[in-house]
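Here the structure is laid out as structure tokens; the discussion comes afterwards.
The values are calculated or read from the model by the stated rules, or taken from the named source; none is laboratory data. Quantities reported herein were computed from a predicted structural model and do not represent experimental measurements. Glycine also receives a Cβ, built like all others from the backbone with ideal geometry; neighbour counts cover every protein chain displayed.
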């Protein structure tokens with residue numbers, strides 16, 4: 001494993017038990033001392049297969065005067081004992097280091113990695129510069145693993161479909177555009193789940209046909225963080 005990022009910035013961890021999810025942004029958890037606390041949720045998905053009553057959680061301490069909660073929900077334990085990430089921003093933090101270390105051999109040459117770049121009306125995760133053409137790269141997280149396939153999304157996302165369509169448009173203007181899906185598990189491939197979001201699945205299929213580069217990444221997740229392994233096929 002050549003690169004990894006820690007959970008929620010690397011703060012102190014606390015095991016807890018899932019109690020409830022009052023809204024998309026917050027969950028309630030029971031600490032071992034009997035105290036119920038609220039933790040921020042970065043994953044806006046439904047997580048109906050993950051956040052079940054009584055499921056063990058890993059919380060990370062994130063104190064701050066401007067924060068509504070002092071905890072970040074970082075991971076939930078599956079029935080088989082493995083951990084599932086609750087932080088959709090983790091793959092982006094992983095990919096920043098992966099790109100800076102030039103660990104994706106499938107990408108064209110570049111020398112500079114820029115984050116959160118505004119192009120037109122949208123902001124893209126990364127723009128890679130210094131090669132023959134700027135490379136516009138968008139990252140999506142596949143938190144669900146069915147068999148050995150990392151699936152995205154967990155819930156319909158009009159924003160994700162819009163970003164894919166914009167990658168098609170930018171590719172047609174002459175830019176090199178890339179969609180990367182990071183599977184947070186030992187996946188052999190990644191794919192778009194059309195039963196969850198048919199519009200996104202159709203957009204990715206159109207992107208593939210238009211020449212947008214599709215790259216899957218297998219990344220191992222545990223309580224220490226997310227570890228880059230290698231690239232994997234992207235099913236369309």
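How about the stretch 222-236: which of its residues are touching a helix residue (DSSP H, G or I) at 6+ places or on another chain (Cβ under 9 Å), more than 24 Å from residue 12 (Cβ to Cβ) and in a strand (DSSP E or B)?
228, 234 - these are the residues of the stretch 222-236 that are touching a helix residue (DSSP H, G or I) at 6+ places or on another chain (Cβ under 9 Å), more than 24 Å from residue 12 (Cβ to Cβ) and in a strand (DSSP E or B).
Tell me yes or no: at least one residue of the stretch 2-24 is under 30 Å from residue 133 (Cα atoms) and at pLDDT below 85.
Taking the stretch 2-24 first, the residues under 30 Å from residue 133 (Cα atoms) are 2-5.
Subset that is at pLDDT below 85: 2.
So far as the stretch 2-24 goes, yes, one or more of its residues are under 30 Å from residue 133 (Cα atoms) and at pLDDT below 85.
Of the residues that make up the stretch 183-197, is at least one in a strand (DSSP E or B), in contact with a helix residue (DSSP H, G or I) (Cβ under 6 Å, 6 or more places away or on another chain), at pLDDT 95 or above and under 17 Å from residue 95 (Cα atoms)?
Our first condition is that a residue be in a strand (DSSP E or B); within the stretch 183-197, this holds for 183-185, 189-192.
From what is left, the residues that are in contact with a helix residue (DSSP H, G or I) (Cβ under 6 Å, 6 or more places away or on another chain) are 192.
Adding the requirement that they be at pLDDT 95 or above leaves 192.
Filter once more, so that each one left must be under 17 Å from residue 95 (Cα atoms): none.
Within the stretch 183-197, not a single residue is in a strand (DSSP E or B), in contact with a helix residue (DSSP H, G or I) (Cβ under 6 Å, 6 or more places away or on another chain), at pLDDT 95 or above and under 17 Å from residue 95 (Cα atoms).
Filtering the stretch 125-178 down to residues that are free of Cβ contacts under 8 Å to residues at least 24 places away in the same chain and in contact with a strand residue (DSSP E or B) (Cβ under 7 Å, 6 or more places away or on another chain), which residue is nearest to residue 231 (Cα to Cα)?
That would be 127.
Modelled with pLDDT under 85, farther than 30 Å from residue 171 by Cβ and in contact with a strand residue (DSSP E or B) (Cβ under 7 Å, 6 or more places away or on another chain): which single residue out of 62, 67, 38, 46 fits that description? If you could, list the steps in order and put the result at the bottom.
Details: 67 fails: in contact with a strand residue (DSSP E or B) (Cβ under 7 Å, 6 or more places away or on another chain); 38 fails: modelled with pLDDT under 85; 46 fails: in contact with a strand residue (DSSP E or B) (Cβ under 7 Å, 6 or more places away or on another chain).
Exactly one residue qualifies, and that residue is 62.
Would a scan of the stretch 103-118 turn up a residue that is touching a strand residue (DSSP E or B) at 6+ places or on another chain (Cβ under 9 Å), crowded, with 18+ Cβ neighbours inside 10 Å, farther than 15 Å from residue 14 by Cα and not assigned by TED's automatic domain parsing to the domain that holds residue 163?
no
Looking only at the stretch 53-68, count how many residues are more than 10 Å from residue 8 (Cα to Cα) and in contact with a helix residue (DSSP H, G or I) (Cβ under 8 Å, 6 or more places away or on another chain).
Here is the first cut: in the stretch 53-68, the residues more than 10 Å from residue 8 (Cα to Cα) are 53-58, 63-68.
From what's left, in contact with a helix residue (DSSP H, G or I) (Cβ under 8 Å, 6 or more places away or on another chain): 58.
Result for the stretch 53-68: 1.
What are the residues in the stretch 62-101 that are over 17 Å from residue 185 (Cα atoms), in contact (Cβ under 8 Å) with a residue 60 or more places away in the chain and crowded, with 18+ Cβ neighbours inside 10 Å, if any? Walk me through how you get there before you give the answer.
Narrowing the stretch 62-101 to residues over 17 Å from residue 185 (Cα atoms): 62-73, 96-97, 99-101.
Filter once more, so that each one left must be in contact (Cβ under 8 Å) with a residue 60 or more places away in the chain: 72, 97, 101.
Selection gives 72 alone.
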